[in-house]
Amino acid sequence: MQYKEIIERIYKELEDYTGHGKVADYIPALSKVNPEHFGISVATLDGDHFSAGDVETRFTIQSISKVFTLAMVSRHLGDKLWEIVGREPSGTAFNSLIQLEQERGIPRNPFINAGALVITDRLISLYKNPKEDILTFVRELSGNRDLNYNKDVALSEIEHSYRNLALANFVKSFGNLVNDPVKVIDTYCHHCALSMNAYELATSFLFLANGGIVSTSGQRVCGSRSAKRLNALMLTCGLYNESGDFAYRVGLPGKSGVGGGVVAVIPGKLSIAVWSPELNKNGNSYRGIEALERFTTYLGISVF
């Protein structure tokens, strides 16, 4: 009941908390989303769900999908993964090219766009049908077989992927991309256009609250060591150059996307997803971060 009361309290406090940000418009299909959408969903390891607001409306999860692809690749590559991508905060915008020149094609971490492109590239090499295999992976985590890509958003992203294509080609010039950059961009734009709602998103992240195991099925997604490291990367790099402020305000491992979603994890307890499409200057959900800060404050629990 404590979670239910807190979620409902936060929803009421922030229901009219609009006009502080801007819906992403650099991808035309995203600019059509209603900025007033707001939903919060908590999934616990005990099997309980507590939600408020627009938790059944699906949205494209965008960069949140990078956690899924990283989990898929890391269980094959292990520590060799860190030969092709770093694990330090970037301190720059998520689509910046600056550090790639200085660090010779090794992206600073797996969650900035350049790092996610390298991860997507290796996923293409490891999996026979990468786009279908990503869907299968996330469907199993969420328990929903009907999840799919938003084709309109994927196409819009592909048509306007000039900077990401530049990143892919730049990384390729240093020998850190194996596959054709156009194929990498196609797969990348599709997994960013994965359409989920807050309820499904919270459910799908429970494995990171449970040492790498899906609590409902007992399926092991990754080892406890790997789950610990994925959580650590989310804490330090999951919200781009706002990751430090998010750790300060919220105190949880989290990942954001320009679709307005933010998901966070309390290891050993729960995962929580918030959706609110208005973004701040860093490309993160303005109301989503505020909701998560209030959640850990009212609950009195964080990783600190």
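Out of the residues in region 111-153 meeting the condition of being free of Cβ contacts under 8 Å to residues at least 60 places away in the same chain and of a type in the set (Lys, Arg), tell me which one is nearest to Ile98 (Cα to Cα). So the residue we want is Arg122. Annotation for region 154-175: at least one member residue is closer than 19 Å to Gly257 by Cβ, part of a loop (DSSP other than H, G, I, E, B), in contact (Cβ under 8 Å) with a residue 40 or more places away in the chain and not acidic (Asp, Glu).
Among the listed residues Ala193, Ala202, Ala198, which satisfies the condition of being buried (at least 24 other Cβ atoms within 10 Å of the Cβ), modelled with pLDDT of 95 or more, touching a His at 6+ places or on another chain (Cβ under 9 Å) and among the aliphatic types (A, V, I, L, M)? Working first, answer last.
Details: Ala193 fails: touching a His at 6+ places or on another chain (Cβ under 9 Å); Ala198 fails: touching a His at 6+ places or on another chain (Cβ under 9 Å).
Being buried (at least 24 other Cβ atoms within 10 Å of the Cβ), modelled with pLDDT of 95 or more, touching a His at 6+ places or on another chain (Cβ under 9 Å) and among the aliphatic types (A, V, I, L, M) holds for just one of Ala193, Ala202, Ala198, which is Ala202.
So is Tyr26 touching a strand residue (DSSP E or B) at 6+ places or on another chain (Cβ under 6 Å), surrounded by fewer than 21 Cβ atoms within 10 Å (Cβ to Cβ) and more than 17 Å from Leu270 (Cα to Cα) or not? Considered against the rule, which asks whether it is touching a strand residue (DSSP E or B) at 6+ places or on another chain (Cβ under 6 Å), surrounded by fewer than 21 Cβ atoms within 10 Å (Cβ to Cβ) and more than 17 Å from Leu270 (Cα to Cα), Tyr26 comes out as no. Out of the residues in region 25-61 meeting the condition of being in contact (Cβ under 8 Å) with a residue 24 or more places away in the chain and acidic (Asp, Glu), tell me which one is farthest from Glu278 (Cα to Cα). Across region 25-61, the extreme among qualifying residues is Asp48.
If you check Asn144 against the conditions, is it more than 21 Å from Arg104 (Cβ to Cβ), in a loop (DSSP other than H, G, I, E, B) and of a type in the set (S, T, N, Q)? When the stated conditions are applied, Asn144 passes them. Would you confirm whether any residue within region 67-80 is farther than 21 Å from Ser173 by Cβ, touching a Pro at 6+ places or on another chain (Cβ under 6 Å) and aliphatic (A, V, I, L, M)? Yes, region 67-80 has at least one match.
Of all residue pairs spaced 6 or more apart or on separate chains, those with beta-carbon atoms under 9 Å, a first member in region 283-296 that is acidic (Asp, Glu) and a second member that is surrounded by fewer than 22 Cβ atoms within 10 Å (Cβ to Cβ) and not in a helix (DSSP H, G or I) are Glu290/Tyr17; Glu290/His20; Glu293/Gly251. Among the residues here, Leu45 qualifies as touching a Ser or Thr at 6+ places or on another chain (Cβ under 7 Å) and over 26 Å from Tyr149 (Cβ atoms).
Condition first: over 18 Å from the mean Cα position of the chain (by Cα), within 24 Å of Ala52 (Cα to Cα) and crowded, with 24+ Cβ neighbours inside 10 Å. Can you find one or more residues in region 255-276 that meet it? The answer is no; no qualifying residue exists. Residues that are farther than 10 Å from Arg104 by Cβ and surrounded by fewer than 18 Cβ atoms within 10 Å (Cβ to Cβ) within region 174-188 comprise Val178, Asn179, Asp180, Val182, Lys183, listed in sequence order. Taking the criterion of being within 19 Å of the chain's Cα centre (by Cα) and under 15 Å from Tyr26 (Cβ atoms), the residues of region 162-203 that qualify are Asn164, Cys189, Cys192, Ala193. Residues considered: Ser142, Ser125. Of these, the only one that is more than 30 Å from Lys269 (Cβ to Cβ) and either over 18 Å from the mean Cα position of the chain (by Cα) or surrounded by fewer than 24 Cβ atoms within 10 Å (Cβ to Cβ) (or both) is Ser125.
Scanning region 72-101 for residues that are among the polar types (S, T, N, Q) and either touching a residue at least 40 places away in the same chain (Cβ under 8 Å) or in contact with a Phe, Trp or Tyr (Cβ under 8 Å, 6 or more places away or on another chain) (or both) returns Ser74, Ser90, Thr92, Asn95. Among the residues of region 87-129, those identified as aliphatic (A, V, I, L, M) and within 15 Å of Val171 (Cα to Cα) are Leu97, Ile98, Leu100, Ile106, Ile112, Ala114, Ala116, Leu117, Val118, Ile119.
Would you be able to say whether some residue in region 31-49 is closer than 23 Å to Ala116 by Cβ, surrounded by fewer than 20 Cβ atoms within 10 Å (Cβ to Cβ) and modelled with pLDDT of 95 or more? The answer is no; no qualifying residue exists. Return a yes/no flag: does region 51-71 have any residue that is closer than 21 Å to Ser271 by Cα, under 17 Å from the mean Cα position of the chain (by Cα) and charged (D, E, K, R). Yes.
Output yes when any residue across region 78-86 is more than 25 Å from Ser204 (Cβ to Cβ) and surrounded by 15 or more Cβ atoms within 10 Å (Cβ to Cβ), and no when none is. Looking for residues that are more than 25 Å from Ser204 (Cβ to Cβ) and surrounded by 15 or more Cβ atoms within 10 Å (Cβ to Cβ), one finds at least one in region 78-86, hence yes.
The values are calculated or read from the model by the stated rules, or taken from the named source; none is laboratory data. If you're wondering where the values come from, they're calculated on a predicted model, not measured in any experiment. Methodologically, a virtual Cβ is constructed for each residue, glycine included, from the backbone with ideal geometry; neighbour enumeration extends over all protein chains shown.
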